[in-house]
Every structure is written in C-alpha cells, then in structure tokens.
1. For B:SER107, list long-range residues whose amide hydrogen, built 1.01 Å from N in the peptide plane, is under 5 Å from its own amide hydrogen.
2. On the protein heavy atoms, probe 1.4 angstrom, tell me the percent of accessible surface of chain B carried by carbon and sulfur.
3. Work out how far the C-alpha atoms of chain B reach from end to end along every principal axis, then list the three figures in whole Å, largest first.
4. ³J(HN,Hα) across region B:95-110 via Karplus (A = 6.51, B = -1.76, C = 1.60, θ = phi - 60°), whole Hz, x for Gly/Pro?
5. So which lysines pass the test for A:LYS70, namely a Cα distance under 23 Å, with those fewer than 8 places away in the same chain ruled out?
6. Counting protein heavy atoms only and a 1.4 angstrom probe, how many square angstrom of accessible surface do chains B and A bury in total, to the nearest 100?
7. Within region A:5-60, what whole-number % of the accessible surface is contributed by carbon and sulfur, with the 1.4 Å probe and all protein chains included in the calculation?
8. Could you state the orientation-averaged shadow area of the convex hull built on the Cα atoms of region A:1-82, in nm² to one decimal?
Amino acid sequence: DVKVTQSSRYLVKRTGEKVFLECVQDMDHENMFWYRQDPGLGLRLIYFSYDVKMKEKGDIPEGYSVSREKKERFSLILESASTNQTSMYLCASRPQGGSGNTIYFGEGSWLTVV
Amino acid sequence: SQQGEEDPQALSIQEGENATMNCSYKTSINNLQWYRQNSGRGLVHLILIRSNEREKHSGRLRVTLDTSKKSSSLLITASRAADTASYFCATNSGNTPLVFGKGTRLSVIA
C-alpha cells in the first residue's frame, strides 16, 4: 500500500514563527502536492512538484514556500506564520503520467497559528 | 481555479436509502475522480471515470459522466452509517494537478 506520511498531525505555532510541514511518500512517486483545506472553501492547491528540485506554484502560494531535495520528501514552509494560515494541510503524491493516476493523500496536519 | 462544484453541499439520509451527489465542472477534462474524506482525515480515492466513459461501477458505487453537460454523479446504493463522510469530485486535463470541488457532506442515519 502507498503510504504518505505527514510528520505532524497537530501543531500550534505563534505568529511570526517559521513553520515546517514535512511529507514523505514511500512509493517512488514523481509528483507531490500540498493543499490546504478550509471550511466552505474545499481543497486549494498551494504548491506542487513534478520532480526533485522542481516546484510550481499552485493557486494560493503566497506566504508559503516548498523544498524537494529528495524524491520521497516534500516540505511546506511558512516563512512567517500568520493567523490566516490556520488550516488543515494535506500532502499528496502520485506517479508520473498524471492524468488517470490516483492521487494518494496523507492524513493531514492541523496547524493553528495564535 | 475551482473546477468541480458538488451539489448538494450537505445530504442527510436514512440507512438503506440511496445517496446521489452531483458534480459540475467548467472545462474539458481527461478524467474525473471521486474521493471520500472521513472527518479530520485525508482523502481516499474511490473511483475514476475517463472522459470517453459514460458509466462505471465499483461495489455499491455508480458513477456517471456526461461530458456534453460537463457533469458527473456519484450514486451510493443501500447506504450504511459507515458511508458518512465528505465526498469530493476532482478533475484534471493532461498532466495538471487535480482540482477539487468543495465537497458534499453525507450523513447516513442509522
């Protein structure tokens, strides 16, 4: 079974802190994604990566950056956390080929910024 | 760029009844997928239907796709309390990331 692991399930951070959300997948997938999920807004794509050291902006990249130094790991970074970044963050991966491939999600990281 | 929009936003039914959720999208697609999310958890893939398919079945799930109307429906037959979850449609074209709708919250009352 594919496993996408998000290192932190629940985090509470202070405004202005630098926050790292880590995601690791164990199926050698080329593509990885970060979404955030908010009530009434559904899932919104923050950043994605189709290969090591590659990154692309999604729909809401402002206030975030990412790092993909190794194929299995995709990190989301909040350079200076703000209260409007309180949300559930979902990491996902899929194999190369995109269309027609299932995307696999982690269990989510609940971030509260106070 | 929200592509899929599910309807209704929330649905409450009795155990044993059928549940139907609809999804509309805006642009041409390669395929459409349905995902399920239990409260506070990640999403899990349910079923994929390609743009050249009209109907697909998987267990108690039946998905239809009407590309002329840019719409899809997910039918869950003989619902169970364990089907209580949020259901999302997702679309993409080419190798683009999946774009998700806002979901339908299904409550199945025992």
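The values are calculated or read from the model by the stated rules, or taken from the named source; none is laboratory data. The shown structure was predicted, so the numbers you read here are calculated from the model rather than taken from an experiment. For the accessible areas, the whole protein counts, side chains as well, though only heavy atoms, and no ligand, DNA or RNA atoms are used. Shrake-Rupley method; radii C 1.70, N 1.55, O 1.52, S 1.80 Å.
1. So B:SER107 has HN proximity to B:LEU11, B:SER12, B:ILE13.
2. Carbon with sulfur: 46 percent of the solvent-accessible area.
3. Projected onto its principal axes, the Cα set of chain B covers 41, 28, 20 Å.
4. Calculated HN-Hα couplings, in order: 9, 6, x, 5, 10, 9, x, 8, x, 10, 8, 9, 10, 10, 9, 6 Hz.
5. Candidates past the 8-residue exclusion: A:LYS3, A:LYS18, A:LYS53, A:LYS55, A:LYS57.
6. By this definition, chains B and A bury close to 1800 Å².
7. Heavy-atom surface of region A:5-60 belonging to carbon and sulfur, 1.4 Å probe: 52 percent.
8. 5.8 nm²
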